[in-house]
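Every number here is computed from the coordinates shown, using simple stated rules; none is lab data. Fair warning: this is a prediction, and the values are worked out from it, not measured in the lab. Reconstructed Cβ throughout: ideal geometry from the backbone, glycine too, with neighbour counts over all protein chains shown.
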Amino acid sequence: MQIPDTITRYIPPNTEQKKANGSVVGKDDFLKLLVTQLRYQDPENPVDNKEFTAQLAQFSSLEQMQQISEGFAQMKAILEEQGKFSLLQAVGKTARGIGDSLISDASGQRGLFKLDGDAAATSVAITDSAGTVVRTIDLGRLSAGEHPFTWDGTLAGGAGAPPGTYHFTVTALDGSGKAVPSTSYMEGPVTGVSLGDTPTAYIAGIPVPFSQIALWKGGGNP
C-alpha cells in the first residue's frame with residue numbers, strides 16, 4: 001500500500017486546509033499518517049531517509065511555532081488583565097473626559113469646552129435628562145481655546161432646577177456667522193472604576209470610558 005507523500009506535510013491549526021469531513025488536519029493527524037506511511041511502505045522502495053528527516057524537522061519546527069504562539073497569547077491575556085487592574089489606581093484622581101454632562105460641586109454645575117477658533121458669539125444651552133432646554137447662558141465673544149463655565153442651577157424663570165443629571169450644548173459663531181467647532185469636556189474626581197469589556201471611569205459618578213479620558217490632572221496615567 002503506497003501512501004501519497006502529500007499527507008506527510010503537517011498543516012498547523014488555523015490554516016485553511018481541511019480533511020474530507022471538514023475538520024482541520026492537525027499535529028495528531030500528521031503523526032498518525034506518518035506512522036501509517038512507515039507501516040505500509042514498499043520494502044523495495046522505502047521512504048528516503050533525507051525526506052523522512054526533513055518531514056520530522058518540519059513537524060518539529062511547526063510544533064515549536066505553535067507552542068510559542070500559544071505562549072504569546074497567554075502572556076497577552078495576562079498583561080491585559082494586569083493593565084485593567086492598574087486602572088484601579090485612577091480612583092481619587094482628577095480626570096477630564098470627553099462628554100457633555102455637568103459636574104456638581106459647591107459652586108454649582110460646572111462645564112468645560114474648547115473652541116477650535118475665535119467666536120464672535122457663544123452660548124451654552126443647559127438640557128435635562130429628557131433633552132429639554134431649561135436654561136441658556138450667553139457667554140458672548142470668546143477666543144479659541146478652553147473655557148470653563150458655571151451654571152447656578154436655576155431655570156429660565158429663576159426657580160431652582162430639580163435634582164438630576166444635566167447636559168450642555170455649545171453654540172459658537174464666528175464674525176461671518178459660521179459655526180465654530182467645539183469639544184465638550186467633563187472634569188472632576190474619579191469616584192469609581194468598572195473593569196468590564198469596556199473599562200470605565202466614573203467622573204463624579206458619571207461613567208466615561210477610559211478611551212475618552214483626555215487628561216489626568218497632575219500628570220501621568222493611572
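Observations on the structure shown:
- On full extension, the segment bounded by residue 139 and residue 154 gains 3.7 nm, given 0.36 nm per residue less the C-alpha separation.
- Efficiency of FRET from Cβ geometry, residue 106 and residue 179, R₀ 25 Å, rounded to 0.05: 0.15
- For region 101-111, Karplus couplings with θ = phi - 60° (6.51, -1.76, 1.60), whole Hz, Gly/Pro x: 7, 7, 9, 8, 8, 4, 8, x, 9, 9, x
- Computed lengthening from residue 118 to residue 93, 0.36 nm per intervening residue step minus Cα-Cα distance: 5.8 nm
- Summing Lys and Arg as +1 and Asp and Glu as -1 over all other residues whose Cβ lies under 11 Å from the Cβ of residue 186 gives a net charge of 0.
- FRET E, pair residue 128, residue 29, Förster distance 41 Å, beta-carbon r, rounded to 0.05: 0.05
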